[in-house]
Structure formats: C-alpha cells, structure tokens
Amino acid sequence: MKTFIAKRLLSSLVTLLVLSMIIFALVRASGNPAELLYEYPGAREEDIARQTAAWGLDKSWPEQYVSFVWNIARFDYGQSFQYGTSVRSLYFDRLPNSLLLAFWAFLISMVIGIPLGIMSAVKVDSWWDSVGKTFALLGLSVPSFFVALLLVLLFGVKLEWLPFLGKAEGFFDWQHLILPSLALGWFFSGAMLRLTRSSMLEVLGSEYIKLCRLKGLPETVVIVKHALKNSFIPVLTLAAVNLVVMINVAVVVEVVFSWPGIGRLLYDGLINRDFPLVQGVVVMAGVMIVGTNFVVDVLYGYLDPRIRLTR
Amino acid sequence: MVTATKTLLKVKDLYAQFTGFGGARVVRAIDGINFSLDQGETMGLVGESGCGKTTTCHAIFRLLPPAGRIVSGSIEFDGQDLMQVSDGEMRNIRGRDMGMILQDPMASLDPLFTIMDQVAEPAHHHRGIRGGTLRERVVDLLRSVRIPSPEVRMREFPHQMSGGMRQRIVGAISLSGGPKLIVADEPTTNLDVTIQLQYLNLLRDLQQETGVSLIFVTHNLGIVAKMCDKVAVMYAGKIVEQGSVRDIYNNPRHPYTQALIQSIPRLGNKDPLYVIPGQPPNLAELPTGCAFHPRCPFATEKCINEEPPYVSFGDGQESKCWLSVEDAKNG
C-alpha cells in the first residue's frame, strides 16, 4: 500500500507538471495582454512596452515558466492582471459559490442518471430502455447553453417562477440555484445514465449473474447485491471526475446565469488575457482532478477485493 | 441400481426455440426431446457444439436467454410439472431442489463477495439457515468438495483460488440448497487435464454420498463411460439415440453414435484419428428428412426425404434412424 501511494503521488506530480506546461504555452498563444491597451485612445508604443515589462512578460519563456512553477510550489498564483489582487484570493472567494452549484448539479445528475441507467439495463429493449436512451442522447447532445436558455425562457421569462440572474446574499439561496443546477446537472446525468446502463448490461450478461439466477436468488438480490456492486467501479470514477469538472469549468452555465463561480472567473480571465488568473484556475482544477482520482483509487480497494489485495 | 427407484425427472416432447430479427428467424434449439432420469442416476448428454445440450439444461431450470422460449412439452420433476408452477415457485425450486455447475469456473463466481457468502446463499435463501449453523454448513460443504482448511479459505475471494478450486466451490454452491438434481454443463472443459479426473472422481463421490441425480453434459465419450449410467446422444436439437452406457458402447445403433465412438482417440493406435465429415447443421436451416443425412455414410433416398421415427429396442435403447427400423424388423 505504501509503494502504491508513493507511485501514485509521483505520477500525479508528473501529470500536474505536464498540465502546467500546456496551460503556460496555451495562454501565451492568445497574444500579449498589454496590446489590449491599444483599445484606449492615446495609448502609445512605450505604454505597451512598460506594461509588458510590469507584468514580467518581456522575459524569456523559460524564465517566466520557472518563476510560474516556483510560485505554484509555494501556493502563489500571482497577481491577476485585470483585478490587481492575488489570484488565490479571487479563486477562494468564488469557490463556495461553485461548490454550492456543483453539489446540487452533481446530486441531480446522480439521482436521475443512476436509477434510470439501472432501469434501462434491467429492462433492456423495453419502454423504460427507450426513455433512458432518449434521455441520455438528449443529455449528451443538446448543448448546455441551449438547455440553460430554454430554462431561462420558460421558468424565468414566460412563467416568471424563478429568478435566473446572479446569486442573492446568504448561503441557502435555493431560488437562484434551481435553474443553473438543472442546466448543469442535465448534461452529466446523460453521461451517468449511459455509463451505468452499459456497465450494468455487461455485468448482467456475465456468468456469475447467470449462476446467481440458477441458484434461485430473488431478482432484487441479483440486481442490487451482485450486479450493482460489480458495475459501480466505472460509474464511481466518472462521478468523481464529473464533480471536479462541475466545480471548476462550468463556464457556459455560469456565464448564462451570471453565477459568480469559478467558471465565470475563468471566462473573465480568458477574455481579458489574464494569464495568472487562467493559469491559476486551470492548475487548481488539475490539482483537484488528480487528487480526486487518487481518492477514488483508494476507494476502489474497499469496493473490489482484487484491487485491495494486490497493493 | 436395479432396486426400486423413483423417477425424478421426466422430460416429455419438449420444444424450445430462439427467435431473432423480430421473429423473422426461428432457431429450433430443442426439437421434441424425451428422456427420464431416476433418483440417484447419472445421465450423460452428448453431442457436438450447438446441438442443444446447454439449452436443454437451461430449459430444465426454465431459465433460457431472453430470446429463447419453451414452446411446448412438459418437464415433470419430483412429482410436479415445472411448466405449470408459478415463477416464484420455480425460483424456489432452482437452487433448492436443483443445482447447476457451469462451464467456466473463472467466470462463475462473483469477484466481489467471499466464498462463504456465495456458498451460503442457496442455503440461506431456500432453507432459511442463519448464523452459526449457516457457517458450519458452509464449512461442511467446502470440506465435502475437498477445499483444504475451509474455515480460512471461506473468508477469501474467488481471485485467490485456482481454477480447479473454483470449480469445486461451484460444486459446493450447487449442493448448498440440498438438491435432488445437479446439472453439470461441461464442468471439466475449462480445467487442466490433471485436474479433470480429480473433479470427476469428486463429483462421483459426492453423488454416492448425497444420492443426487446428475445430468452430465459433455462431448467427451470417455467421461461418459466413466461417470454415467445412461447416455442420450443429441444431434441438431433432437436426441438421436439413448440407452444404457453398456448398450450404447457395445451396440451403437445410430450412425452418428457409431461415428462418435469411432472418433475417440485410442492409446497405441497408429491410424489417423477418425473424424466425422462436414459440420453440424445450422439450426435455423435444417436439412430435410433426417438432419444427419448430409454427413451420414449410410444415407439413402429415404433419409433425405423422410424423418425417421424413434425405434425402441427391448432393452430400453432407443434410436432415431431408418437403419434401426430395419434392425428392429430383422430382430
């Protein structure tokens, strides 16, 4: 178990290093942020040059990269170009909002996706299955901005039941939460449904399920005890990664609903070529994904004795 | 076993078929079979792949794959017709009164549960055995299938066992509910040759101890000679010949049985091994007349056009061939 953890930690570090290189290069491919100053009347060549130097963008890429990584190692993501404050405080200011939204969206995706997926697999090729498959297809293929706009149009504008812009003060503001979490959960419930269904189908076709039925076990025992537990490993992985994605990169939904979360922070950063902000958010998302995968890997051990004992 | 024995299982005119492509294609996997099995008796079910052996086994459990369906016929088991009992009652009969051993020991056990858990399930669900008694029963079962130190091994998981051990555990599961019949569907096909004999001896010993009846599916006639009291030879969904092991080996009536016996390899024989020419027929497009005629060395015009009837011989042997009709006439 110790060597397993050490190995996993090492590979996690390598993953994060590669991620930092990619995001470092990608943001710089978008152009020099100082050039955005040309939009202001009277901006001169030397103003641009001064601003570039002030942000440290006149140094060579290797130099910039080394200081970027060195700062990350000390949990310092630098100063945001546009806000002038530290990226870390910006990120952690927005994090509770994103966590709130992601939590409800995640719950919606699980509550819809997993039971429907199980039903589709158990009653394969039936009416249930058609409903499930249609739902999964819609969830995966209808873009979330479209769903978001439809929700706004129906519940916000036509029926005027729910507010759809921003977030009110107070942590338990459920009214502003409903539409964005539906829009965000929608897409992920489709993915959960499809994976649960295919995973269940594979297990239900296995020999040991056949033997369970030949043993005369009640169908609920066959499904809940044997089939569900066996089909849960891939579902667990997807669920964990989904959660991180919902927290960090729910860009479209947060923009449509003006939700003050991390996704919108990232969007602001991208639009304004705010390198430290974009880099910071992406690295934080990477850390979370790598960390979650690590936790999930440890959880597998509890679910599957084969994994537990080979470590 | 000449003593007054009771018939345990009697399959009469059983037809089962698979439908595909919205009913456009019908495969008659079991095409009117008849056989009976006494208590404590062992019957071998022999035939090439795809002749309906496995379907027959699953039909006895009334558990055909979703596309399959029993069309007609009766399965009398222990005094009741299984085709008439309710689904719930049928579920109780499975595991309690009949157990099954599947082909692939590596895939037959649920990887996430302990041996204890899986062996205990039939006893728990069908016999209501709980707690310490249940644990003792599992230990006894594992000991009876010769798992060393069962108290320790029962807490382990399937992946910690070898293939032979897993198949013995599947055997223990089939015995767990205290059944009257065990159906073993090619139980040794996926075992090492050295383990095969061991497993067969184990099955025979278990049968003698518990007095269960056994249906033994195989395509190995050598195993049949070792294990069984009687044999049914299947071809294209029909039983083409059945009788006692002695009669079938000494005096096979059907050309297919004769060919099967001829194709057993013999130690010290330098001649090339006999093979039956051709392939088993596609069950969706059966040949006319006798299904075996395209591969039969004795086929005549009559075999191509007319299906032969069952011919009974005095000693309980039965054969479905025009040649047997002649044999019976000539005495």
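Look at the stretch B:300-321 and say how many of its residues are more than 18 Å from B:Met234 (Cβ to Cβ) and open to solvent by less than 40 Å² (accessible area, probe 1.4 Å).
Here the count works out to 2.
Scan the stretch B:318-331 residue by residue and report those that are part of a loop (DSSP other than H, G, I, E, B) and at pLDDT below 90.
Within the stretch B:318-331, B:Gly331 is the sole residue that qualifies.
What number of residues within the stretch A:71-95 satisfy the criterion of being surrounded by 16 or more Cβ atoms within 10 Å (Cβ to Cβ), among the aromatic types (Phe, Trp, Tyr) and assigned to a loop (DSSP other than H, G, I, E, B)?
3
I need the full set of residues from the stretch A:234-278 which are small (Gly, Ala, Ser) and touching a Lys or Arg at 6+ places or on another chain (Cβ under 8 Å), in order please.
Matches in the stretch A:234-278: A:Ser258, A:Gly261.
Can you go through B:Gly32, B:Gly99 and tell me which one is buried (at least 16 other Cβ atoms within 10 Å of the Cβ) and under 21 Å from B:Thr210 (Cα atoms)?
B:Gly99
Only one residue in A:Tyr38, A:Tyr65 is without any contact (Cβ under 8 Å) to a residue 12 or more places away in the chain and either farther than 28 Å from A:Ala240 by Cβ or among the charged types (D, E, K, R) (or both). Which one?
From the options A:Tyr38, A:Tyr65, the qualifying one is A:Tyr38.
Restricting attention to the stretch A:98-143, and to residues there that are buried (at least 20 other Cβ atoms within 10 Å of the Cβ) and not hydrophobic (A, V, I, L, M, F, W, C), which single residue is farthest from the other protein chains (Cβ to nearest Cβ)?
It comes out as A:Ser98.
Identify, by number, the condition in (1) within 14 Å of chain B (Cβ to nearest Cβ); (2) open to solvent by less than 30 Å² (accessible area, probe 1.4 Å); (3) in contact (Cβ under 8 Å) with a residue 24 or more places away in the chain that A:Gln279 doesn't meet.
For A:Gln279, the exception is condition (1).
Yes/no per residue for (1) open to solvent by 90 Å² or more (accessible area, probe 1.4 Å); (2) part of a helix (DSSP H, G or I); (3) basic (Lys, Arg); (4) under 30 Å from A:Val298 (Cβ atoms):
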| residue | (1), (2), (3), (4) |
| --- | --- |
| A:Ser11 | no, yes, no, yes |
| A:Met21 | yes, yes, no, yes |
| A:Val27 | no, yes, no, no |
| A:Leu37 | no, yes, no, no |
| A:Pro41 | yes, no, no, no |
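Could you pull out the residue among B:Ile182, B:Ile169 that is within 22 Å of B:Arg62 (Cα to Cα) and buried (at least 18 other Cβ atoms within 10 Å of the Cβ)? Give the derivation first.
Working: B:Ile169 fails: within 22 Å of B:Arg62 (Cα to Cα).
The conditions single out B:Ile182.
Within the stretch B:191-219, track down each residue that is under 17 Å from the mean Cα position of the chain (by Cα) and over 30 Å from B:Arg135 (Cβ atoms).
Passing the criteria: B:Gln196, B:Ile215, B:Phe216, B:Val217, B:Thr218, B:His219.
Output the number of the condition that B:Pro252 fails; it satisfies all remaining conditions of (1) at pLDDT below 90; (2) open to solvent by 20 Å² or more (accessible area, probe 1.4 Å).
Of the numbered conditions (1) at pLDDT below 90; (2) open to solvent by 20 Å² or more (accessible area, probe 1.4 Å), the odd one out for B:Pro252 is (1).
State whether one or more residues within the stretch B:146-156 are under 22 Å from B:Gln207 (Cα atoms), surrounded by fewer than 15 Cβ atoms within 10 Å (Cβ to Cβ) and either touching a Lys or Arg at 6+ places or on another chain (Cβ under 8 Å) or not assigned by TED's automatic domain parsing to the domain that holds B:Lys238 (or both).
Checked the stretch B:146-156: at least one residue is under 22 Å from B:Gln207 (Cα atoms), surrounded by fewer than 15 Cβ atoms within 10 Å (Cβ to Cβ) and either touching a Lys or Arg at 6+ places or on another chain (Cβ under 8 Å) or not assigned by TED's automatic domain parsing to the domain that holds B:Lys238 (or both).
Would you mind stating whether A:Lys229 is touching a residue at least 40 places away in the same chain (Cβ under 8 Å) and within 13 Å of chain B (Cβ to nearest Cβ)?
So A:Lys229 passes the test.
Only residues that are closer than 20 Å to B:Asp78 by Cα and surrounded by fewer than 13 Cβ atoms within 10 Å (Cβ to Cβ): list them for the stretch B:191-208, please.
If the condition is that a residue be closer than 20 Å to B:Asp78 by Cα and surrounded by fewer than 13 Cβ atoms within 10 Å (Cβ to Cβ), then B:Gln208 is the only one that fits.
Among all residue pairs at least 6 apart or on different chains, which show Cβ distances below 9 Å where the first residue, located in the stretch B:89-105, is closer than 18 Å to B:Ala120 by Cβ and at the interface with chain A (Cβ under 7 Å from one of its Cβ atoms) and the second is open to solvent by less than 20 Å² (accessible area, probe 1.4 Å) and part of a strand (DSSP E or B)?
B:Arg94/B:Met100; B:Met100/B:Ile182; B:Met100/B:Val183; B:Met100/B:Ala184; B:Met100/B:Asp185
Would you point out which residue out of B:Asp185, B:Asp140 is closer than 22 Å to B:Val46 by Cβ and either acidic (Asp, Glu) or at pLDDT 90 or above (or both)?
Values: B:Asp140 fails: closer than 22 Å to B:Val46 by Cβ.
None of the other options fit; the residue is B:Asp185.
Condition check ((1) more than 14 Å from chain A (Cβ to nearest Cβ); (2) within 18 Å of B:Ala107 (Cα to Cα); (3) open to solvent by less than 50 Å² (accessible area, probe 1.4 Å); (4) modelled with pLDDT of 95 or more) across all residues:
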site: B:Met165; (1), (2), (3), (4): yes, yes, yes, no
site: B:Thr189; (1), (2), (3), (4): no, yes, no, no
site: B:Val212; (1), (2), (3), (4): yes, no, yes, no
site: B:Gly222; (1), (2), (3), (4): yes, no, yes, no
site: B:Ala225; (1), (2), (3), (4): yes, no, no, no
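Considering only residues that are within 21 Å of the chain's Cα centre (by Cα) and of a type in the set (S, T, N, Q), which ones fall in the stretch A:68-119?
A:Ser89, A:Asn97, A:Ser98, A:Ser109, listed by residue number.
Quick check: anything in the stretch A:190-207 of a type in the set (Ser, Thr, Tyr) and within 14 Å of another protein chain (Cβ to nearest Cβ)?
Yes, the conditions are met somewhere in the stretch A:190-207.
Of the residues that make up the stretch A:105-128, is at least one part of a helix (DSSP H, G or I), over 30 Å from B:Pro65 (Cβ atoms) and at pLDDT below 90?
no
For the stretch A:284-311, which residues satisfy the criterion of being in a helix (DSSP H, G or I), touching a residue at least 40 places away in the same chain (Cβ under 8 Å), in contact with a Phe, Trp or Tyr (Cβ under 7 Å, 6 or more places away or on another chain) and under 25 Å from A:Val14 (Cα atoms)?
Within the stretch A:284-311, A:Met284 is the sole residue that qualifies.
The values are calculated or read from the model by the stated rules, or taken from the named source; none is laboratory data. In this text the structure is predicted, and so the values were computed from the model without any measurement. Backbone-built Cβ (ideal geometry, glycine too); neighbour counts: all protein chains shown. In case anyone asks, the SASA skips ligands and DNA or RNA and just uses the protein heavy atoms, side chains included. Shrake-Rupley method; radii C 1.70, N 1.55, O 1.52, S 1.80 Å.
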